[in-house]
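**Student:** The structure that follows is given in the form of structure tokens.
The values are calculated or read from the model by the stated rules, or taken from the named source; none is laboratory data. Computed from a predicted model, the values in this text were never measured in an experiment. In this analysis, Cβ positions are derived from the backbone assuming ideal geometry, glycine residues included, and neighbour counts consider all displayed protein chains.
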Amino acid sequence: MSHDPISPDLRSFRQTAAQFATGVTIIVTEIDGEIRAMTANSFTSLSLNPALVLFCVGKASNTGRAIHSARGFSVNILRHDQETLSTYFAGGWKEPSAPPFRFFPWEGGPRLEGSAAALGCVLHKIYEGGDHWIVVGRVLALYQGTEPRRPLVFFGGRYGILEKSGEPTPDLLGTLSTPILGYYDTWDAE
């Protein structure tokens with residue numbers, strides 16, 4: 001007996017997933033001599049050994065249609081003051097001229113000047129992921145910008161910055177009638 005999975009309402013799905021705060025990156029690749037860049041918050045580290053990272057790109061996007069021709073890419077983690085670049089490379093820029101930016105030749109793909117950090121990657125594998133490609137890269141190069149490296153974050157459909165809060169976290173444990181058992185996996189197996 002097969003059951004078709006029930007798909008959630010797309011708007012509700014987006015609103016719920018938006019409750020996960022993420023950093024903001026610009027993914028840059030060079031394909032046939034043309035630099036392609038896109039904003040992505042669907043970036044994560046995947047493996048330490050070998051060092052692998054991944055990002056997701058819509059199959060129908062310009063980068064998604066060309067990603068199979070890429071040899072590598074860079075992941076540029078944006079600073080808190082680079083919101084305009086995120087908007088520009090996401091296709092939401094409304095001004096007549098682009099905000100200032102510059103790319104430098106680098107391992108994997110061109111690196112964005114002024115980013116908080118960057119990873120240069122060679123293309124490792126591409127997987128199907130619904131209406132997106134899941135692009136995995138093997139890390140070749142690392143860059144960390146100058147201090148302070150306060151990242152741009154995205155939460156609830158809006159940009160923000162990380163701030164220390166003086167407000168205490170609500171005590172939700174005092175409201176539970178049944179204890180919750182927790183298990184953890186150490187980061188380092190040694």
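To keep it simple, each residue is scored yes or no on (1) small (Gly, Ala, Ser); (2) part of a strand (DSSP E or B); (3) under 17 Å from residue 66 (Cβ atoms).
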| site | (1), (2), (3) |
| --- | --- |
| 100 | no, no, no |
| 108 | yes, no, yes |
| 125 | no, yes, yes |
| 135 | no, yes, yes |
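**Student:** In region 115-136, how many are surrounded by fewer than 17 Cβ atoms within 10 Å (Cβ to Cβ), touching a strand residue (DSSP E or B) at 6+ places or on another chain (Cβ under 7 Å) and not hydrophobic (A, V, I, L, M, F, W, C)?
**Tutor:** 4
**Student:** Still on this structure, please answer the following. Going by what's in this entry, would residue 108 be described as buried (at least 17 other Cβ atoms within 10 Å of the Cβ) and at pLDDT below 95?
**Tutor:** In short, yes.
**Student:** Further, regarding this structure: For residue 86, all conditions in the list (1) among the polar types (S, T, N, Q); (2) assigned to a loop (DSSP other than H, G, I, E, B); (3) closer than 25 Å to residue 162 by Cβ hold save one; what is the number of the exception?
**Tutor:** Condition not satisfied by residue 86: (2).
**Student:** Just one of (1) in a helix (DSSP H, G or I); (2) in contact (Cβ under 8 Å) with a residue 24 or more places away in the chain; (3) of a type outside the set (A, V, I, L, M); (4) surrounded by 12 or more Cβ atoms within 10 Å (Cβ to Cβ) trips up residue 73, so point out which.
**Tutor:** (1)
**Student:** Report, by residue number, each residue of region 13-65 that is hydrophobic (A, V, I, L, M, F, W, C) and in contact with a Pro (Cβ under 7 Å, 6 or more places away or on another chain).
**Tutor:** 28, 35
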